[in-house]
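Remarks on the structure that follows.
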Amino acid sequence: MPCLKKMIISKIFNKKNLLDDYLKELFLNFWFAPCDAFLRAPDVAIWKNIIFKSPTLNIGCGDGRIDKYLFKRKVIDYAIDNDRKLVN
């Protein structure tokens, strides 16, 4: 099973990009929660290739800290979350 996981991960993004671009940036900004950096790095690598058509809705946006990495250079028209205080 670990070999299959490695194979899938290497197909999605190459190691250089993940280590150099995503993990480093996420670790610098999420130093207080390193597990979040590890968990979100693959998400960032995948979402960077997605093209959105307007209007775009982000459901469960939270406080938006991770969104600036997930949706870098993308326009999110609307965002909702069940906690009104988190949406800015």
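The values are calculated or read from the model by the stated rules, or taken from the named source; none is laboratory data. Just so it is clear, the model here is predicted, and its values are computed rather than measured. Every residue, glycine as well, gets a Cβ built from its backbone with ideal geometry; the counts of neighbours run over all protein chains shown.
Residue count for region 66-82, restricted to those that are part of a loop (DSSP other than H, G, I, E, B) and either in contact (Cβ under 8 Å) with a residue 60 or more places away in the chain or not aromatic (Phe, Trp, Tyr) (or both): 9. Could you tell me which residue of region 56-66 is modelled with the lowest pLDDT, considering only residues that are among the aliphatic types (A, V, I, L, M) and surrounded by fewer than 16 Cβ atoms within 10 Å (Cβ to Cβ)? Checking each candidate, the answer is 59.
To keep it simple, each residue is scored yes or no on (1) out of contact with any helix residue (DSSP H, G or I) (no Cβ under 6 Å at 6 or more places or on another chain); (2) of a type outside the set (A, V, I, L, M, F, W, C).
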{"site": "31", "(1), (2)": "yes, no"}
{"site": "34", "(1), (2)": "yes, yes"}
{"site": "38", "(1), (2)": "yes, no"}
{"site": "49", "(1), (2)": "yes, yes"}
{"site": "55", "(1), (2)": "yes, yes"}
{"site": "60", "(1), (2)": "yes, yes"}
{"site": "67", "(1), (2)": "yes, yes"}
{"site": "70", "(1), (2)": "no, no"}
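Against the numbered list (1) assigned to a loop (DSSP other than H, G, I, E, B); (2) at pLDDT below 80; (3) exposed (fewer than 10 other Cβ atoms within 10 Å of the Cβ), residue 53 comes up short only at (2).
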